[in-house]
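Here the structure comes first, spelled out in structure tokens, and everything after it is commentary.
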Amino acid sequence: MALTKHERETIICFNESEPTAEIFTYNKRLRRELAALTWDRPDDVLCIRANSADSCTYSIPKRWVKIRPTRVLSAENRALRAALTRQINSDRKNNVN
């Protein structure tokens with residue numbers, strides 16, 4: 001039986017005494033990224049167990065776990081960025097032709 005989106009979770013566990021964190025996830029993009037890191041950084045990332053075709057548990061350095069909130073922009077900054085993006089896209093279109 002397939003799990004619902006609500007049941008497919010990602011759990012990050014770590015404690016103060018160990019330098020690593022464990023990530024249990026069903027998230028496809030995160031699983032692909034962690035699997036690639038097991039090849040690129042085998043000393044840092046370890047696949048502890050592949051629980052099924054849909055979930056895996058990895059061990060990573062605890063210092064890699066970050067919280068990055070999105071930037072809060074004022075309406076003025078948002079409008080300025082939108083204008084700059086339109087200008088860049090316009091320049092790209094003009095240079096391609």
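For region 6-51: of the residues being of a type in the set (S, T, N, Q), over 17 Å from the mean Cα position of the chain (by Cα) and over 17 Å from I67 (Cα atoms), which is modelled with the lowest pLDDT?
Filtering first and then ranking leaves N51.
Would you point out which residue out of K93, K66 is assigned to a helix (DSSP H, G or I) and not aromatic (F, W, Y)?
Just one listed residue meets the conditions, K93.
Count, please, the residues in region 48-71 that happen to be open to solvent by 60 Å² or more (accessible area, probe 1.4 Å) and within 16 Å of C13 (Cα to Cα).
So the answer is 6.
Of all residues being touching a residue at least 24 places away in the same chain (Cβ under 8 Å) and of a type in the set (V, I, T) in region 11-47, which is surrounded by the fewest Cβ atoms within 10 Å (Cβ to Cβ)? Just the residue, please.
Taking the candidates together, the pick is I12.
The values are calculated or read from the model by the stated rules, or taken from the named source; none is laboratory data. What you see is a predicted model, and the numbers here were worked out from it, not measured in a lab. All Cβ positions, glycine included, derive from the backbone under ideal geometry; neighbour counts span all protein chains shown. These area figures cover heavy atoms from the full protein model, side chains too; ligands, DNA and RNA do not enter into them. Shrake-Rupley method; radii C 1.70, N 1.55, O 1.52, S 1.80 Å.
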